[in-house]
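Each remark here refers to the structure printed beneath this line.
Read-outs throughout are calculated quantities, based only on the coordinates presented, and are distinct from any laboratory measurement. Computed from a predicted structure; not experimentally measured. Methodologically, a virtual Cβ is constructed for each residue, glycine included, from the backbone with ideal geometry; neighbour enumeration extends over all protein chains shown.
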Amino acid sequence: VEALAAGSAGVIDWLSTRHGLPFSVVTDFDYPGHSRRRMHGLPSRSGRELIDRLRATVEAQGIDLLCGRRAEILYHDGRTVTGAGLRTPGGALETVGCAKLVLACNGFGGNRAKVAEHMPAIAGALWFGHEGNRGEALDWGAALGAATRHLGAYQGHGNVAHPHGILITWATITEGGIQVNCEGRRFWNEAQGYSEAARVVLAQPGGEAVTVFDARIADIARQFEDFRNAEAQGAVRSAETLEDLARQFDLPATALRDEIAAIRAGETDRFGRLWGEAPLAPPYCAVRVTGALFHTQGGLVTDGSGRVQGADGTVFPNLFAAGGAACGVSGAGDSGYLSGNGLLAAAVLGRAAGLAQLG
């Protein structure tokens, strides 16, 4: 945690000043658990833009990117990694030697067997990542005697438009929106966060919920490209009355109206949520959502420079891990995830591991 906190500002400055990534702070809503508005993003606020800009930056530096290869084997001499075996599209196995190796192969969210073993509560959820995230780092680490930690930790999200499969920003909740089930009733304290929301939403009938907000909140949400895409695809609907909104989502109008009325009346919330935002007002908006697994948070144990540690506590001489391959800082479950800490760990430990290659 200390290494991430100390290195975060430097990473943002390095990416923006040296490599031209136009980061800015999200200033018009609060992320769950953040005491200050410190979340940075690129103009579209999308991961797609971030990955594409990073790819372009790598290519501009003359760094080779090998596509169409899949690492299958790590070669080692005792505790020293000597190379990797890469499978080509044609089935041949290429060997590449190395002086040092960084495992930046993400986690294991695409491996349903591993997900079921380590995080059964989310095993049936939509997987919102790349199918190539199979957990090879864990397998290679186990063969080498590396330590692992918090394999049951993950980031979920309980606000994915269904069946469209588009992420809906949690600003729809933090700015005063609510979630109701098919009975038109709220079922939890939505302010707890979007990661644990995945599990809670999936526990509702049909594994679905409806997120209800209003036009004011929609204006804030439109800074996110994903939200604009959801609107364009018809996932987000609006209505002047709660009755019309309920009809569009096959919800009991009386139940939905009662939930909104209780909030407006200032009643003590039965789930413990504190209402600091303006009550919802027409025109109203809503989107049908489900829960999804976004990325695993456990992995190989590393030190502050990304060096992989063995089960005996000593570091491997030339093996590093970062991002989803390494254990993050979310603790053991889903509720410890704090917005941005996955990318924070990936960027800070990734850069630290890269700098260590120069030593």
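Sorting F29, F294 from the fewest to the most surrounding beta carbons within 10 angstrom yields F29, F294.
Around T88, what is the net charge, scoring Lys/Arg as +1 and Asp/Glu as -1 over all other residues with Cβ under 12 Å from its Cβ? Intermediate values should be presented prior to the final figure.
Working: positive: R69, R70, R87; negative: E72, E94.
Net charge around T88: +1.
Tell me, how many Å apart are the Cα centres for the range 213-276 and for the range 58-130? Value for the Cα centre distance between the two parts: 41 Å.
Can you tell me how the range 156-292 classifies by the Cα gyration tensor, rounded, prolate or oblate, using a/c under 1.5 as the rounded cut? Rounded, since a/c falls under 1.5.
Subtract the Cα-Cα distance of T241 and R222 from 0.36 nm times their separation in residues, and report this length gain in nm to one decimal. Display every interim value, and only then the final one.
On the way: separation 19, 0.36 × 19 = 6.84 nm, distance 2.18 nm.
That works out to 4.7 nm of additional length.
Can you classify the range 2-60 as rounded, prolate or oblate using the Cα gyration tensor, where a ≥ b ≥ c are the square roots of its eigenvalues, rounded means a/c under 1.5, and otherwise it's prolate if a/b beats b/c and oblate if not? Mind dumping the intermediate values first?
Numbers: a/c = 2.30, a/b = 1.39, b/c = 1.65.
Oblate shape, in that a/c is at least 1.5 and b/c is the bigger or equal ratio.
Which is farthest toward the positive dipole end of the chain among G298, A99, V11, measuring Cα position about the Cα centre, with Cβ charges +1 (Lys, Arg) and -1 (Asp, Glu)? Of the listed residues, the answer is A99.
With a sphere of radius 12 Å drawn around the Cβ of E190, what net charge do the other residues whose Cβ falls strictly inside it have (Lys, Arg +1; Asp, Glu -1)?
Details: positive: R186, R273; negative: E175, E196, E259, D269, E277.
Around E190, the charge tally is -3.
Model label points for A92 and Q248, set 7 angstrom from Cα along the Cα-to-Cβ axis, are 5.7 nm apart.
For D139, what charge total do you get from the other residues with a beta carbon under 11 Å from its beta carbon, if Lys and Arg give +1 and Asp and Glu give -1? Display every interim value, and only then the final one.
On the way: positive: K114, R134; negative: E72, E136.
So the environment of D139 carries a net charge of 0.
Selection among V180, F108, M39 by position relative to the dipole of the chain gives F108 as farthest towards the positive end (Cβ unit charges, Cα centre). Cα centroid separation, the range 304-325 to the range 10-24: 26 Å.
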